[in-house]
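Novice: Quick one: this structure, given as C-alpha cells, is what I'll be asking you about.
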Ligand SMILES: C[S@@+](CC[C@H](N)C(=O)[O-])C[C@H]1O[C@@H](n2cnc3c(N)ncnc32)[C@H](O)[C@@H]1O
C-alpha cells in the first residue's frame, strides 16, 4: 500500500514520466480504449486521455482511487475514465482494449503479483493486436565492488560499539537483498542479462538465469547489483543502470556471504532464481568463484531470501502440514463476523453482536465496528 506522497514521488520522476508519455503518444490512436492496471492516483489514465483515448478503464484496489476520481473530474475527464476499485485479476471489462498501460514494478519488475497480473490482463483484456506499455523488461546483473553497500548488511551484526557478539544475525542479513543507490564505480564485472520478461509472450511469474564472468579487472567483490532496462515500445526505453540518470526504482544489492578478492582470469558463476511463493518472490543466488591457475574453488555461496527472514522453529512448526491448531479467541471472533457477513447482516449489527459476545477482546463498540469493517472490506463485495 503506497502513501499519497509515494504516488507523488512516482509522478515527480521526470525520466519515468517522459518515457511513459512518449510511449503512450505512440501507442494510442484517436478513439482508442485503454486499461490502466494499478492507476494509483490516476496519472497514466489521465495521460492516456490527453493522448487521445476515448475511454480508459482505471483499475486500482486501494483508496488512492478516490483522489484519482477527483483528479479526473477536475480535468474534465470524469466521463472518459471509468474507475474500478478492485485488483485487475477480479475485474471483468465490458470490452477488450487497444492498449494496456501499467507500472507495477518495484526495484525490479519481479514484485509481488506484477507478472501474473499482466499475463492475466493480456489474456482477458487486450485485443488481438493490442499494445502493452511496457513491452518488456530485462533484468541486468553485475558483480559489485561496493564496501559501502555491503557495510549495511554486516553492521551492526559483525561490528558494534558495545562488545556484543551479534553474528547470529549476519547469516540472515546476507541472505536478504536491499534497495540501494549503486554508482557506476560500484560495477566491477560488467552486467549480464537474465532472460527478458517479454510481456507480450511471458507465461510464468518466475525467472532464472545462469551468469558467468571471466575476471578482467581484479578487485574486492561484495555481491551483485541488479536493475532493469525497460522497453516501452517504439524505441522508447529507460534504464536504472548505475551511473544513468537516477530514477525512482533504484537498484538491488544482493550481498555475498563474505567479500571475495577476485584475481584476473578467475571464473565467477552465478545461478540466480526468482520464484513467486504466495505474495512475493523467494530469491536465490548461488555463487562460485574458481581460481584460474589452480582450479581451486575459492568461494561457494548458497544464498536465498528464504534464509533472510528470522523464522523461529515454533513459527515454522505452526505452519507445518501436520500441525493441528485449535481456534483461539481471535479466530472464534473473526469466524462469527464472517458468518454474520455471510448472512448479509449490516456491519453495525454485527459489531453489536460481537461486542456483546467478546467483551474482553474488544475494548469498545467502535473497535468492534473497525474490526468488522476490516473483514468486510477484505472478504465482502
Ligand atoms: C507503482 S504504483 C503505480 C501508480 C501509477 N500507475 C503510476 O504509474 O504512477 C502501482 C499501483 O498498482 C496497484 N496494483 C498492483 N497490482 C495491481 C493489480 N493487479 N490490479 C490493480 N492494481 C494493482 C497498486 O495498488 C499501486 O497503486
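The values are calculated or read from the model by the stated rules, or taken from the named source; none is laboratory data. Only a predicted model underlies this, so the values are computations on that prediction, with no experimental measurement involved. All Cβ positions, glycine included, derive from the backbone under ideal geometry; neighbour counts span all protein chains shown.
Novice: Is it the case that the stretch 88-95 has a residue that's within 9 Å of the ligand (Cβ to nearest atom), modelled with pLDDT of 95 or more and in contact with a strand residue (DSSP E or B) (Cβ under 9 Å, 6 or more places away or on another chain)?
Specialist: Checked the stretch 88-95: at least one residue is within 9 Å of the ligand (Cβ to nearest atom), modelled with pLDDT of 95 or more and in contact with a strand residue (DSSP E or B) (Cβ under 9 Å, 6 or more places away or on another chain).
Novice: Go over the candidates 270, 289, 282 one by one and state the one that is assigned by TED's automatic domain parsing to the domain that holds residue 149 and touching a helix residue (DSSP H, G or I) at 6+ places or on another chain (Cβ under 6 Å).
Specialist: Just a single option satisfies the conditions, and that option is 282.
Novice: Follow-up question, since we're still on this one. Go through the stretch 96-144 and give me each residue that's within 17 Å of residue 26 (Cβ to Cβ), surrounded by 22 or more Cβ atoms within 10 Å (Cβ to Cβ) and more than 16 Å from the ligand (Cβ to nearest atom).
Specialist: 131, the sole residue that qualifies.
Novice: List pairs: first residue in the stretch 302-324 and without any contact (Cβ under 8 Å) to a residue 60 or more places away in the chain, second residue surrounded by 13 or more Cβ atoms within 10 Å (Cβ to Cβ) anywhere in the structure, Cβ distance under 8 angstrom, at least six positions apart or on different chains.
Specialist: What qualifies is 302/284; 302/286.
Novice: Also: I'd like to check something: does the stretch 221-229 contain any residue that is under 13 Å from residue 140 (Cβ atoms), assigned to a strand (DSSP E or B) and in contact with a helix residue (DSSP H, G or I) (Cβ under 7 Å, 6 or more places away or on another chain)?
Specialist: There is at least one residue in the stretch 221-229 that is under 13 Å from residue 140 (Cβ atoms), assigned to a strand (DSSP E or B) and in contact with a helix residue (DSSP H, G or I) (Cβ under 7 Å, 6 or more places away or on another chain).
Novice: Does residue 336 satisfy the criteria of being surrounded by 14 or more Cβ atoms within 10 Å (Cβ to Cβ) and free of Cβ contacts under 8 Å to residues at least 24 places away in the same chain?
Specialist: Judged against the criteria, residue 336 is a match.
Novice: May I pose another question? Looking at this structure, is residue 90 under 25 Å from residue 203 (Cβ atoms) and without any contact (Cβ under 8 Å) to a residue 24 or more places away in the chain?
Specialist: yes
Novice: Go through the stretch 1-87 and tell me which helices (runs of 4 or more DSSP H), entirely inside it, have 1 or more residues that are within 11 Å of the ligand (Cβ to nearest atom) and crowded, with 21+ Cβ neighbours inside 10 Å.
Specialist: In the stretch 1-87, 14-27, 43-50, 65-74 are the helices (runs of 4 or more DSSP H) which contain 1 or more residues that are within 11 Å of the ligand (Cβ to nearest atom) and crowded, with 21+ Cβ neighbours inside 10 Å.
Novice: Write out, first by first residue and then by second, each pair whose Cβ atoms fall under 7 Å of each other, whose residues are 6+ apart or on separate chains, and whose first residue, in the stretch 1-28, is without any contact (Cβ under 8 Å) to a residue 60 or more places away in the chain while the second is more than 9 Å from the ligand (Cβ to nearest atom) and in a helix (DSSP H, G or I).
Specialist: That search, which allows pairs on different chains as well, returns 21/47.
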